[in-house]
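Only one structure is covered here, and it is reproduced in the block below.
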Amino acid sequence: MKKIAFIGSRGYPYVYGGYETFIKELGERLTRDGFDITVYCHKNLFTEYPESIGGIRLVYISTIERKSLSQFIHSFRSIFHAVLKDYDLIYVVNSANGPFGILTKLFRKKTVINLDGLEWKRPKWKGLGSKYFYFSSKIATKVYKNLVTDSVEMQKVYKKEFNADSDMIAYGANIRFSKTPELIKKWGLVKNEYYLIVGRLVPDNNSDIIIREFIKSDSSKKLVIVGDVPYKDSYAKKIKSIVDNRLVFTGYVKDQDILAELYHNSFVYFHGHEYGGTNPAMLKALAYGCAVCALDTVFNREMLENEKHGVLFTKEPDNLKNIIYYLESNHQILKDLRLTARKRITDHYNWELITDQYKTLFEKILKTE
């Protein structure tokens, strides 16, 4: 039984975001298929410390309680702990952990790092933060033996920017259908009478552009904005201060059943994310049968097969406003998109397929000297 350690997330079964969901979905399936999986967890986030859950071993590592350094210190301590153990393979998520590959290389550990989005380009990481993410991503390509990117376009970026080859294995999603649509009534919402945005209120998700264009469209529908930021921020404050009786700011929606119903019953899901590869929020929208309208980027084009599974908009003034007019006048387009959305997940982004791809990769790595 091959032993694999996962490092860089908040832990298991703590599901907070993309990394945690990834490790839960992949780790559970690998355990089912005979791998010995260990997940390193942020001790500070847990009140109980079982040694394992469902066959997945858990190691709790403490860190400091500072937003900017918490993950950094946790990953360093976790990797230092892991290289002294008998794991056959160490899998690291988050390119910010690039420099720690020096440790795994020094101890001759077989490693994989999952290189996420273009963090160095995101407005939230200005100055030194941007420089660190670029340096970290670059050094990761030098010190980790095996690299994984989650989209073909991200694979191209790392090849062009750092001359680094990587295995492309996408992120996944689970198909779901509406179960309790009445859950959306808490906001006075009605099926197909609202547009939806899901994501942090940060500049590179472009919620400001979507809201501005929606207001200009004079649509009679509502626009629901799910998400916030867990800190004081002028950009988020400015967005939340916009006054229009059609705007519904829900803040974070942690109940996954409620969030799912917001997706299921939306008229259109707007996706403004700019710098990621395979984005979990858009995958969820497709898996939940949404009609998707996404910012025109190479990453979003890849996910939607250009406009086979969604409609693309640009940042040009009035572009999205005009698309809103068009969509509200052509409901058949949206019906067709909803019918094809889940097929995209089934064919390309399902967790069973992704698990098989990882098993093939791991088995190839583990056979090498």
Practice prompt. Give the number of residues within region 87-138 that are farther than 19 Å from residue 280 by Cα, of a type in the set (A, V, I, L, M, F, W, C) and in contact with a strand residue (DSSP E or B) (Cβ under 6 Å, 6 or more places away or on another chain).
Written response: 3
Practice prompt. For region 318-334, indicate whether the set of residues that are in a helix (DSSP H, G or I), in contact with a His (Cβ under 9 Å, 6 or more places away or on another chain), of a type outside the set (Ser, Thr, Tyr) and not assigned by TED's automatic domain parsing to the domain that holds residue 26 is non-empty.
Written response: no
Discussion item. Which of the strands (runs of 3 or more DSSP E) found entirely inside region 212-280 contain at least 1 residues meeting this: touching a Ser or Thr at 6+ places or on another chain (Cβ under 6 Å) and within 24 Å of residue 312 (Cβ to Cβ)?
Written reply: 222-226
Discussion item. If residue 131 meets every condition in (1) in contact (Cβ under 8 Å) with a residue 60 or more places away in the chain; (2) more than 18 Å from residue 362 (Cα to Cα); (3) out of contact with any Phe, Trp or Tyr (no Cβ under 6 Å at 6 or more places or on another chain); (4) of a type outside the set (S, T, N, Q) apart from one, which number is that one?
Written reply: (1)
Practice prompt. Give region 160-181 a look and list any residue that's surrounded by 13 or more Cβ atoms within 10 Å (Cβ to Cβ), farther than 23 Å from residue 343 by Cβ, free of Cβ contacts under 8 Å to residues at least 40 places away in the same chain and in contact with a strand residue (DSSP E or B) (Cβ under 9 Å, 6 or more places away or on another chain), or say none.
Written response: 164
Item to complete: Only residues that are over 21 Å from residue 189 (Cβ atoms) and surrounded by 11 or more Cβ atoms within 10 Å (Cβ to Cβ): list them for region 213-253, please.
Response: 216, 229, 233, 235, 236, 237, 238
Worksheet entry | Criterion violated by residue 106 - all others in (1) under 26 Å from residue 4 (Cα atoms); (2) surrounded by 15 or more Cβ atoms within 10 Å (Cβ to Cβ) satisfied | (2)
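The values are calculated or read from the model by the stated rules, or taken from the named source; none is laboratory data. Quick caveat: nothing in here was measured; it's all calculated off a predicted structure. No Cβ is skipped: glycine too gets one built from the backbone with ideal geometry, and neighbour counts run over all protein chains shown.
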